[in-house]
Amino acid sequence: MGLTILAFITSFLVVIFFTPSLIKVAELKNLTDTPDALRKLHKRSVPTIGGIIIYAGTLFSYALWLPTDDASDFKYIVTTTLLMFFVGVKDDIIGTAPMKKLAAHVLCTLVIVLMANIRIKSLHGIFGVYEIPYWASIFLSLFTMIVIINAFNLIDGVDGLAAGIGFIAAMAFGTWFLLVKDLVMACMAFALAGALLAFLYYNFSPAKIFMGDSGSLTIGLIMSILAIKLIEFDRVSMIYPLAQLTKPVVAIAFLIYPLVDTMRIFIYRAFNGLSPFNADRNHIHHRLQKLGLSHRQTSSLLYSATILIVAVALLTKDLKPTFALLTVVGVAVLLCLIPFYLMKEKLPLVKPFENEGNEIKIENINEDQIN
């Protein structure tokens, strides 16, 4: 346990002390994110290379405090996260075509699944399925990792959201692995958690720096590794009541908001004939903003919803695997539908106002704003 605490503290200190210097460098070199009416909610230019310090703090701490007697996966984790990190940095600075990013995702996940042999080998009773064929294991693992990587990339749209959700998930994974005495994975999870907590100090609204793709993609890859490791952890080595839980359900609960929002937005775009890589403002956090919530309120509400879903998952230990999954996903979907229901209940009115250029625009207002 001492190593995991040291991993958390070390990454926290690295990020908390060196982020101000990174912000200065980004501003001097104009490495900032320019406001965009289509998909950006911020109104000013903000440095967007925060992933550099998140990855540096996490990797430094993980390598420093990693138990040396069991680090067989270390080289694969380092090489893949490093590649993902540089793909993200390139995208943050000069941009990267979506298909090129997807190719990098596939390459990294292939290394993890085929070379490190970190893959989903069983559904653990969900839909009555236990062991799955090798080929199905490979495709399911690749699909799962790519979805998680993109999920964290897509939720990075509100100050503090991706960092906060990532912190909660990393703490949950770290606590789980600590309880089952897997110090290698616990060390990685807590190193990431410490880095994200420190980064959140600068990223919470009003954000002084964004993590960018260099942060969200790297976080997503680490989370996907942690999730598969949790799913495939030997039940014999687990303590009660953890051994009673359906492990895939627990992993999904830890990552519930990115997963549900990503699947919802992909389905929405598919039904509307749009590319899944198109930029829009139809994410759940965008809907909450349209309801009048601030960046802080939106992020805090989604933090709370994530913690609630984790609690629900922990209460499903006496349910059969399929019912446990349906319960967790069902509760999550219902919570996600609330913003859309509330928006339909709103009665939008319009009023004209003059901007500085004397052009007439139409602004949506609510009844409360008239009174």
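The values are calculated or read from the model by the stated rules, or taken from the named source; none is laboratory data. Everything numeric here is computed off the predicted structure, so don't read it as measured data. Quick reminder, even Gly has a Cβ in these numbers, built from the backbone with ideal geometry, and neighbours come from all protein chains shown.
With the condition kept exactly as written, say whether any residue in region 289-301 is part of a helix (DSSP H, G or I), more than 16 Å from the chain's Cα centre (by Cα), of a type in the set (Gly, Ala, Ser) and at pLDDT below 95. For region 289-301, residues part of a helix (DSSP H, G or I), more than 16 Å from the chain's Cα centre (by Cα), of a type in the set (Gly, Ala, Ser) and at pLDDT below 95: absent. In region 108-151, of all residues being part of a loop (DSSP other than H, G, I, E, B), within 24 Å of the chain's Cα centre (by Cα) and aliphatic (A, V, I, L, M), the one that is surrounded by the fewest Cβ atoms within 10 Å (Cβ to Cβ) corresponds to 116. Just to be sure before I move on: is residue 158 outside any helix (DSSP H, G or I) and under 13 Å from the mean Cα position of the chain (by Cα) in the structure I sent? For residue 158, the condition - outside any helix (DSSP H, G or I) and under 13 Å from the mean Cα position of the chain (by Cα) - is met.
Taking region 290-318 as the search range and keeping residues that are hydrophobic (A, V, I, L, M, F, W, C) and without any contact (Cβ under 8 Å) to a residue 24 or more places away in the chain, which one is nearest to residue 166 (Cα to Cα)?
The selected residue is 301.
Within region 179-198, the set of residues being surrounded by fewer than 24 Cβ atoms within 10 Å (Cβ to Cβ) and modelled with pLDDT of 95 or more comprises 197 only. Within region 88-99, the set of residues being under 19 Å from the mean Cα position of the chain (by Cα) and more than 15 Å from residue 48 (Cβ to Cβ) comprises just one member, 98.
Would you confirm whether any residue within region 173-183 is of a type in the set (Asp, Glu) and either more than 18 Å from the chain's Cα centre (by Cα) or in a helix (DSSP H, G or I) (or both)? Taking every residue of region 173-183 in turn, at least one turns out to be of a type in the set (Asp, Glu) and either more than 18 Å from the chain's Cα centre (by Cα) or in a helix (DSSP H, G or I) (or both). Pairs linking a residue in region 176-201 that is under 25 Å from residue 244 (Cβ atoms) to a residue that is outside any helix (DSSP H, G or I) and acidic (Asp, Glu), with Cβ atoms under 9 Å and 6 or more positions apart or on different chains, are 176/182; 180/234; 182/70; 183/70; 184/70; 184/73; 185/73.
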